[in-house]
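Below is one structure, written out as structure tokens, with a few remarks after it.
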Amino acid sequence: MSKRMSLGTLLKPKQEQKLQEPEQYRVVLLNDDYTTMDFVVAVLMMVFHKDETEAQRIMLDVHKKGRGVVGIYPWDIATTKAEQVHSLARQAEFPLRCLVEKA
């Protein structure tokens, strides 16, 4: 008869994992001399789901200050929303631009 040794399962000590919040980025609309205020409001409502009052406020910031912060999102969402803005602006033949900046 052969002897069989049983080895117990070796486990690594459990390490505590620290979850980090994803880095946040702000989406900023930039003013230009050609894009209409109505188009900016429509984009804010469609892409960023702002109500009309909030969209009007942001549009006025863009118009008066040259830029307006639309929202703060993780990188993937911020860049997707910026691309949606640029796509809608191209379709409507407006030069509306927006930036994605680290918050």
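The values are calculated or read from the model by the stated rules, or taken from the named source; none is laboratory data. What you are looking at is a predicted structure, and each value in this text was computed from that prediction instead of being measured. We place every Cβ from the backbone using ideal geometry, glycine too, and count neighbours over all the protein chains shown. SASA here: full protein model, heavy atoms, side chains in, ligands and nucleic acids out. Shrake-Rupley method; radii C 1.70, N 1.55, O 1.52, S 1.80 Å.
Could you list, in sequence order, all residues of region 29-68 that are surrounded by fewer than 17 Cβ atoms within 10 Å (Cβ to Cβ), free of Cβ contacts under 8 Å to residues at least 24 places away in the same chain and under 16 Å from the mean Cα position of the chain (by Cα)?
Hits for region 29-68 are MET45, HIS49.
Under 7 Å between Cβ atoms, at least 6 apart or on separate chains: pull out the pairs that start in region 88-99 with a residue that is touching a residue at least 24 places away in the same chain (Cβ under 8 Å) and end on any residue that is of a type in the set (Gly, Ala, Ser).
Correct list of pairs: PRO95/ALA89; LEU96/ALA89; CYS98/ALA82.
Which numbered condition in (1) in contact with a helix residue (DSSP H, G or I) (Cβ under 8 Å, 6 or more places away or on another chain); (2) of a type in the set (Asp, Glu); (3) not in a helix (DSSP H, G or I) is the only one that GLU21 fails?
(1)
Just for region 69-83: of the residues that are not in a strand (DSSP E or B) and not aromatic (Phe, Trp, Tyr), which one is farthest from the chain's Cα centre (by Cα)?
Within region 69-83, the match that is farthest from the chain's Cα centre (by Cα) is GLU83.
Look at ALA103 and say whether it is touching a residue at least 24 places away in the same chain (Cβ under 8 Å), open to solvent by less than 90 Å² (accessible area, probe 1.4 Å) and in contact with a strand residue (DSSP E or B) (Cβ under 9 Å, 6 or more places away or on another chain). Give the steps one after another, and end with the answer.
On the way: touching a residue at least 24 places away in the same chain (Cβ under 8 Å): yes; open to solvent by less than 90 Å² (accessible area, probe 1.4 Å): yes; in contact with a strand residue (DSSP E or B) (Cβ under 9 Å, 6 or more places away or on another chain): yes.
For ALA103, the condition - touching a residue at least 24 places away in the same chain (Cβ under 8 Å), open to solvent by less than 90 Å² (accessible area, probe 1.4 Å) and in contact with a strand residue (DSSP E or B) (Cβ under 9 Å, 6 or more places away or on another chain) - is met.
Matching residues to (1) closer than 22 Å to ALA103 by Cβ; (2) of a type in the set (Val, Ile, Thr):
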site: ASN31; (1), (2): yes, no
site: VAL47; (1), (2): yes, yes
site: THR53; (1), (2): no, yes
site: ASP61; (1), (2): yes, no
site: GLY66; (1), (2): yes, no
site: VAL70; (1), (2): yes, yes
site: LYS81; (1), (2): yes, no
